[in-house]
Each structure stands twice: as C-alpha cells, then as structure tokens.
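Some notes on the structure that comes next.
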Amino acid sequence: MKLIISSVQLLKGLQAISGVLSTNNTLPILDNFLFELNDNKLTITASDLETTINVTITPEKSEENGVVAIPAKILLETLKTFADIPISISINEDYAVTITTDEGSYKLAGQNADEFPQIPVLENASSIVLDAATVATAISKTIFAAGTDELRPVMSGVLCEMGFDSITFVATDAHKLVRYRRKDLQSNDERSFILPKKPLNQLKNILGYSEDPVKIEYNEKNAWFSFNNINLICRLIDGKYPNYEAVIPDENPNQLIIDRQQLRNSITRVSIFANQSTHQVRFKLSGKELILSAEDVDFSNEAEERLSCSYDGENMEIGFSSRFVIEMLNNTETEQVMFKLSSSNRAGLILPVDPEEESEELLMLIMPVMLNN
C-alpha cells in the first residue's frame, strides 16, 4: 500500500475526526487511525467503540489497495510540523509505515487492522435530510443544558423528537432545561432518540465549516450522520427520557422584557461578588426597574446594579444561578429577552423577543435558587 498526498489535506482530515479518540481506551487498537485505501479513495476512521467517525480523501496518487492501523498521536504530531508539502506514505507486509518527504523519512510501527471495530449496520432505519446549519444550531442551543450525572445517563444527552409537524431537540439537567423546536421541518414518522454529548460536540465542531445537507439515519440503537466526505455513527443512550413538558409551567403571569446584552453584562459583573458555591444573583422587580444584587457573606463582598426594563406583574424577588442565566443569554441571539415568572420558588422561563426565524421556537427553563434573607 502506497500513496502520495498533501500533508495539509491529510492533517485536516485527521483533525476533523480526531476528537473522538479517547485517552483511556479499553482496546489498544483504538489508539490508532484506520487507513483503508481502495481505488484511489483513502478512508480514515477513528473510534472509541461508542462513536465511530470516518473521512474520505482522494490522494494525488496511490498504488495497491490495503488496510492498516497507524498510531494516531505520533502521526498527528508529525503532520502538524510540516508545511503544505506532498508526502509519501508506504506500508509493507509487516505493517511498518514509512513517511517520506523531500527533507527526510520517518518510520513507525503500524498494526494489523483486523481488531479494529466494524462499523455497525443500521437495520430498519428511518432517515431525514437537514441543513448543516440547522443541525449545528440545534446542537449548540441545547447541549450546554445536558446533565453530567452518570447515575442519570438519559439526561446526559440531547433528546431528538422527530414529528409529522415539527422537529424538537431537548436537554436538561433538572436545574435548567432548553427546548429548541423547528416548525418548518417534518419527519415521515414519529420517533425519538437520545444522542450522547461526545458525538454531538464532534458534529458541532465539524458542521460549522460545512454547507452540505446532513443525512441522519437512526434506529433503536444507533444514529448515522453523513455529509460532505464524513460519516459519524454513534450508539444512542438507552432509556426513557423524562416527561419534560410536564415541568414547563403554563401560567407565569409576571413578565420582564429587557435588553439581553445589558442584562448579561450586569449579571457578569455582579456575580463576581456572589457566593462562589451558589453563584446566586437576586432579581428584585418593581415597576420599570430591575435591581440585581449579589453577596458573599463570608468575605463581606456585595454588589448591586439598577437596570431599566419593561415589567408587567407583581413586585417580587427571585434568585438564580448567574452561571445558568449567562449560559442561556449567550445562546440567544435576539436584542431583547423575556422572563416569565410566577413566584420565588417556581421555575422561570426565558424566551427570545422577536426572533428572526418565525419557524424557530426556543424555550429555556431555569429553576430558582433559595434566597438568603
């Protein structure tokens, strides 16, 4: 097996898939990239058993089809040092890999690829085609709200609900919840599945550079994303997602509308003086005024800011984690946001005001933190 390829072209392909590599693999073969040359098409695969991703590249020249596993770390580190030059890669019958450039040659030990895990075949799969930007947006607007509790694995992923009249993405960690819905997209069947965080982060990073449509195929166990020259296959999280609709309040009569950037900047400043374990910021609402305050009694730190706003409702005080509110404001693009509140011990909703896309519906729920009197 021998090929000549641009070092930059190869490095870009490897970097696109290298995020799936794990530092604590149970199988030593997973520390390698799988190189498969077939009819002048080079397919490179990385896997951690749960997620497998491959990229297909066309070399400038190739001879003899073949398959080999090449150590990922040393290959990546070597390629990063090269300028954009043609490199020659040859593999002999003992899986010894030789990389040759005009300046020198580099040898490393490859491995027999027989132990590399096979890509699963999706049986009885449904499929849908979406824009890359749509998938990337849905991931970025929800993934930050997914949980990290290993005892509740279903909440550590993002729920995808395919429906006849809309497609919905949901993430929650029981303290915050995000529901992102597209009413302009439909599926041919009604099914739902839970995608793990790791492959979603890989997709988000790669899709930002793609304008190609994404084909998503899914069955009871796996999901397969294919676009451009990349395929990503991941195992779904098994289990029943909690009934998230039941926790979204119907009646939150107190409505606050405020400039998003101004609020985010104020919370960022005030939270510096908050208790560093609770990150609590107090919202005090009355008339056309919002008073933000925070304190850390242990260190005698406190801060207060007054903001003008549009508020319709009863005077009230409520506490939120500044980190959660800032995350939500960062994942909203509109100039203004609306808070829908009811009382100091019930969930509040954050909604964008006048979104550009009418077919796009974003709802964020945040649980309050108990106020210190």
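The values are calculated or read from the model by the stated rules, or taken from the named source; none is laboratory data. Just so it is clear, the structure is predicted and the values come from calculations on it, not from any experiment. As a convention, Cβ positions derive from the backbone with ideal geometry for all residues, glycine included, and neighbour counts pool all protein chains shown. These area figures cover heavy atoms from the full protein model, side chains too; ligands, DNA and RNA do not enter into them. Shrake-Rupley method; radii C 1.70, N 1.55, O 1.52, S 1.80 Å.
Quick notes on this structure:
- Boolean, ASP259 is within 30 Å of LYS288 (Cα to Cα) and either within 20 Å of the chain's Cα centre (by Cα) or open to solvent by 80 Å² or more (accessible area, probe 1.4 Å) (or both): no
- When residues of the range 9-43 are limited to those that are of a type outside the set (A, V, I, L, M, F, W, C) and assigned to a helix (DSSP H, G or I), the one farthest from PRO86 (Cα to Cα): PRO28
- Matching residues, the range 193-217, being hydroxyl-bearing (Ser, Thr, Tyr) and at pLDDT 95 or above: none
- Selection of the range 266-292 for residues being more than 15 Å from MET370 (Cβ to Cβ), open to solvent by less than 70 Å² (accessible area, probe 1.4 Å), outside any strand (DSSP E or B) and not aliphatic (A, V, I, L, M) yields SER266, THR268, SER271, GLY287.
- Here GLU211, GLU217, GLU245 are screened, and the one residue that is open to solvent by 40 Å² or more (accessible area, probe 1.4 Å) and without any contact (Cβ under 8 Å) to a residue 40 or more places away in the chain is GLU245.
- Residue within the range 134-146 that is open to solvent by 50 Å² or more (accessible area, probe 1.4 Å) and either in contact (Cβ under 8 Å) with a residue 12 or more places away in the chain or closer than 18 Å to CYS234 by Cα (or both) present: no
- The range 153-172, residues that are more than 16 Å from ILE139 (Cβ to Cβ) and either surrounded by 16 or more Cβ atoms within 10 Å (Cβ to Cβ) or touching a residue at least 60 places away in the same chain (Cβ under 8 Å) (or both): PRO153, VAL154, MET155, GLY163, SER166
- Odd one out for GLU93, checked against (1) open to solvent by less than 10 Å² (accessible area, probe 1.4 Å); (2) out of contact with any Leu (no Cβ under 8 Å at 6 or more places or on another chain): (1)
- For LEU11, the requirement of being open to solvent by 30 Å² or more (accessible area, probe 1.4 Å), touching a helix residue (DSSP H, G or I) at 6+ places or on another chain (Cβ under 6 Å) and in contact (Cβ under 8 Å) with a residue 12 or more places away in the chain is not met.
- The range 72-81, subset open to solvent by 40 Å² or more (accessible area, probe 1.4 Å) and in contact (Cβ under 8 Å) with a residue 40 or more places away in the chain, residue nearest to PRO59 (Cα to Cα): LYS80
- Unique match (being over 28 Å from LEU42 (Cβ atoms), at pLDDT below 95 and either in a strand (DSSP E or B) or out of contact with any helix residue (DSSP H, G or I) (no Cβ under 9 Å at 6 or more places or on another chain) (or both)) among THR148, THR134: THR134
- Taken together, the residues in the range 301-356 that are free of Cβ contacts under 8 Å to residues at least 40 places away in the same chain, assigned to a loop (DSSP other than H, G, I, E, B) and closer than 27 Å to ALA138 by Cα amount to 4.
- Criterion (open to solvent by 70 Å² or more (accessible area, probe 1.4 Å) and under 30 Å from ASP165 (Cβ atoms)) met by exactly one of GLU314, GLU295, GLU304, GLU335: GLU335
- Of residues in the range 96-131 being assigned to a loop (DSSP other than H, G, I, E, B) and in contact with a Phe, Trp or Tyr (Cβ under 8 Å, 6 or more places away or on another chain), the one surrounded by the fewest Cβ atoms within 10 Å (Cβ to Cβ): ASN112
- The lone criterion from (1) over 28 Å from LYS197 (Cα atoms); (2) open to solvent by less than 10 Å² (accessible area, probe 1.4 Å) left unmet by PRO86 is number (2).
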